[in-house]
Amino acid sequence: MRPPRELLLVALLTACSRPPAPPPQPAGVPVPTPTPTLVPLHVTSSSGTGQPTILSEMKNNRTIYVVRALSFVGDTASGQAASGSGAFVKPQITFVDRSGARTVADAPEAVLTGADKSVLMTGGVHARSQDGNVLSCDRLRYDGNTERIHGDGHVVLTTPSGLQLVGDEIDGDSRLENVRVYRR
């Protein structure tokens, strides 16, 4: 025996309705505000179609970097998206400074950390600024808070005029214009 159509409709509407309203609070007692509970998240992306995974990071309503990569694996720590991290395979990262100048860096791997908007590129990094400065190093870390870079291991910075700065480490702006290359 099938239930009447009206009974099914009432059951459906009941299941979709809002939960009952909380009882009224006495005057002067603050009403608690519900807070959403974020759940830890694990995300993977692979460019099986040949289309890269693209992610951009914003700071003060402007883009500070854009990542294009063949694949991505990411997690949010304790359900907080801002404190999560992600690992990229064969990323190409475009860093954008406050003036809008761009530097493009490639490496075999990179890890992004949401809490401080940092990027750690490893496995041999090659970067070129729009001004023509070229950097190669073993590792490159971009600090999203200061918007500066630190590189180490076999550092070579070549300027458009052909001047080469060689050292163990480099610190400077993401434009590769105001930098310090030094030995440990």
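The values are calculated or read from the model by the stated rules, or taken from the named source; none is laboratory data. Please read these numbers as outputs of a predicted model, since none were measured by experiment. When we count neighbours, we look across all protein chains shown, and the Cβ atoms used for this are built from the backbone with ideal geometry, even at glycine. Just the protein is used for accessible areas: all its heavy atoms, side chains included, with ligands, DNA and RNA removed. Shrake-Rupley method; radii C 1.70, N 1.55, O 1.52, S 1.80 Å.
Of note:
- Against the numbered list (1) under 19 Å from Tyr65 (Cα atoms); (2) within 19 Å of the chain's Cα centre (by Cα), Asn133 comes up short only at (2).
- Segment 105-137 - residue that is at pLDDT 95 or above and assigned to a loop (DSSP other than H, G, I, E, B) and, of those, most open to solvent (accessible area, probe 1.4 Å): Gln130
Yes or no, residue by residue, for (1) within 15 Å of Leu120 (Cβ to Cβ); (2) modelled with pLDDT of 95 or more; (3) in contact with a Phe, Trp or Tyr (Cβ under 8 Å, 6 or more places away or on another chain); (4) outside any strand (DSSP E or B):
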{"site": "Tyr142", "(1), (2), (3), (4)": "yes, yes, yes, no"}
{"site": "Asn145", "(1), (2), (3), (4)": "yes, no, no, yes"}
{"site": "His154", "(1), (2), (3), (4)": "no, yes, no, no"}
{"site": "Leu157", "(1), (2), (3), (4)": "no, yes, no, no"}
{"site": "Gly162", "(1), (2), (3), (4)": "no, yes, no, yes"}
{"site": "Glu169", "(1), (2), (3), (4)": "yes, yes, yes, no"}
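- Within segment 90-100, being among the basic types (Lys, Arg) and within 16 Å of the chain's Cα centre (by Cα) holds for one residue alone: Lys90.
- The number of residues in segment 85-104 that are part of a loop (DSSP other than H, G, I, E, B) and open to solvent by less than 60 Å² (accessible area, probe 1.4 Å) comes to 4.
- Single unsatisfied condition, Thr103 versus (1) within 12 Å of the chain's Cα centre (by Cα); (2) farther than 25 Å from Arg184 by Cα: (1)
- Checking each residue in segment 171-184 for being part of a strand (DSSP E or B) and of a type in the set (Lys, Arg) picks out only Arg180.
- Residue selected from segment 138-168 under the condition buried (at least 16 other Cβ atoms within 10 Å of the Cβ) and in contact with a Lys or Arg (Cβ under 8 Å, 6 or more places away or on another chain), by the criterion farthest from Ser118 (Cα to Cα): Gly167
- Complete set of residues in segment 128-155 that are more than 20 Å from Arg183 (Cα to Cα) and small (Gly, Ala, Ser): Ser129, Gly132, Gly144
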